[in-house]
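What follows is a short report on a single structure.
What follows draws every value from the coordinates through simple rules; no lab data is involved. The model shown is predicted, which means the values in this text are computed figures rather than measured ones. Because the Cβ atoms are built from the backbone with ideal geometry, glycine has one as well, and the counts that use them run over all protein chains shown.
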Amino acid sequence: MPSNFIRHSRAPILEALADTRVVYVMGARQVGKSTLTGEIATSEHLADVLSLDNRAARDAASSDPEGFVAGLSRPVLLDEIQRAGPDLLLAIKGAVDADQTPGQFLLTGSANVLTNRKVQDALTGRIEIITLWPLSQSEIEGSTGNIVDSLFAAAPPQISDAPVGRGAFADRLAAGGYPEVLKRSSSRRANWFENYLRTTLDRDLRDISDAQKLGEMPRLLKLLAGRAANLLNSSEVGKRLQLEHKTVRSYTTLLETVFLVKTLPAWRPSIGARESTTRKVYIVDSGLLAHLLGADPKRLGEDERVTGMALENFVAMEVMKHLEWASTDAGLFHYRTGNDEIDLVLEDRSGAIACIEVKAAATVRERDWRPMAKIRDARGEDFRAGFLIHAGAQTVPLGDRLWAVPISALWT
């Protein structure tokens, strides 16, 4: 990974190592987990480094996990933990119960092995999980701003001269945030994404699943890409693939487990009687989404069938990344009731909420922020702020605690 990319998750990892026995940095393949944790293990938190991509280490960890853990010098960084299976994590649990010193195990994995309920229950209270997503635009630009904290502080970035129109975001959407892709010309990205998907779907999924129809995963992923930033209708997708709707849901969960797909739950404040309870589906990286859609920057900026959904997907995933290092601890949701829809709703532990609506246009109209105003009026002081992220040039107040904010607020 280029040295000028400073990962904002570095500080949360170090904070966790200072007071938590096991720290698990998980995320998609090729997002820089090994690079970041390796730097930490050789500088700020000195530790031995061992990769379970190494067959001898993997075989030892799989055949005798307790003996393997007992023979490790600590602190230790174990890379690609999912290659050894859940029994290794249970052995780690036993080791840190016997010795409660913080920072003993720094783990990385390109699959969320903690979806295993037995492992999750065993490690509760002993582990902190940090997700490393593809690079955010603020990390690419070297910015330290955080859109989540700005929202809850009702303090939008004051921008006056942002690029206007779809050219302000089309190239960024097409490139995405995988470090290796950012080194390549646009003509060379397709080969990288094809190889990336093949490796992830063929290897990582088989490491964590015994599902019989994994061959359907590429088709399912493409169908989900075509429905990105929309409600996930498992029955409709199942009909297209000739799969049961329950199978579609379980396979979508597997795609989430290897960080290719993200679903967001519906926010249900019981303000309206017709609130949706269906999850929305997103592709984790906008460059991967563009590849799956067969869309170049020109099409991302001009094709109305693609532009809006691709931009909403992009903004949602940028906000998800910012949540990892925000001072505000909040959940991320979508909201739909009747004819009203809000792309993103954030709610913190105190019950305070903030909203984001996304528009690809440079000009905004009152109807674009009306649903956020309704939530503001219904929730009163619990409503902190609403940002209408758009392709305009400047930050504009829209009324009480509402602002139109240029897309560049995500990396300013």
Among Leu288, Leu323, Leu223: highest mean-square fluctuation, GNM of the chain, C-alpha pairs under 10 Å: Leu223
Convex hull volume per residue in cubic angstrom - Cα atoms of region 271-412: 126
Given charges at beta-carbon only (K, R positive; D, E negative), |dipole| of region 164-317 in Debye: 160
Electrostatic dipole magnitude of region 294-365 [Cβ: Lys, Arg +1; Asp, Glu -1; Cα centre; debye, to 20]: 120
In degrees, nearest ten, helix 366-379 long axis to first principal axis of the chain (Cα): 70
Over 19 Å (Cα to Cα) - which of Lys246/Lys280; Lys239/Lys262; Lys118/Lys321; Lys93/Lys118; Lys183/Lys262; Lys280/Lys321 fall in this group: Lys239/Lys262; Lys118/Lys321; Lys183/Lys262
Residue with peak Gaussian network fluctuation, the chain [Cα springs, cutoff 10 Å], from Thr124, Thr277, Thr247: Thr124
Degrees separating the helix 189-199 axis from the principal Cα axis of the chain, which is the longest one: 50
Calculated on alpha-carbon atoms, Rg and Dmax of region 80-232 in Å: 20.3, 59
Selected from Ser34, Ser209, Ser110 as most flexible by GNM, with the chain as the system and alpha-carbon contacts under 10 Å: Ser209
Using alpha-carbon coordinates, inclination of helix 217-226 to the longest axis of the chain, degrees: 20
Expected 222 nm ellipticity per residue - DSSP helices of 4 or more, -39500 (n - 2.57), all of the chain, to 500: -11500 deg cm²/dmol
Simple Cβ-charge dipole of the chain, Lys/Arg +1 and Asp/Glu -1, about Cα centre, in debye nearest 20: 1260
Convex hull of region 99-183 built on C-alpha atoms - directionally averaged projected area, nm²: 9.5
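What do the square roots of 5 times the Cα gyration tensor eigenvalues come to for region 10-131, in whole Å, largest first, as semi-axes of the equivalent ellipsoid?
Working: eigenvalues 68, 53, 43 Å².
Those come to 18, 16, 15 Å.
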Of the GluC sites (Glu not before Pro) in region 95-163, those whose Cβ has at most 14 other Cβ within 10 Å and which sit in DSSP loop: none
C-alpha center-to-center spacing [region 102-129, region 20-89] in angstrom: 12
Long-range tail of P(r) for region 212-310 (Cα pairs > 22 Å, %): 34
Most positive-pole-ward Cα, Leu289, Val345, Ser143, against dipole of region 141-410 from beta carbon charges: Leu289
Selection from Ser63, His45, Ser408, by position along the positive dipole direction of the chain (Cβ): Ser408
Where GluC sites (Glu not before Pro) fall in DSSP loop in region 348-412, at most 12 other Cβ within 10 Å: none
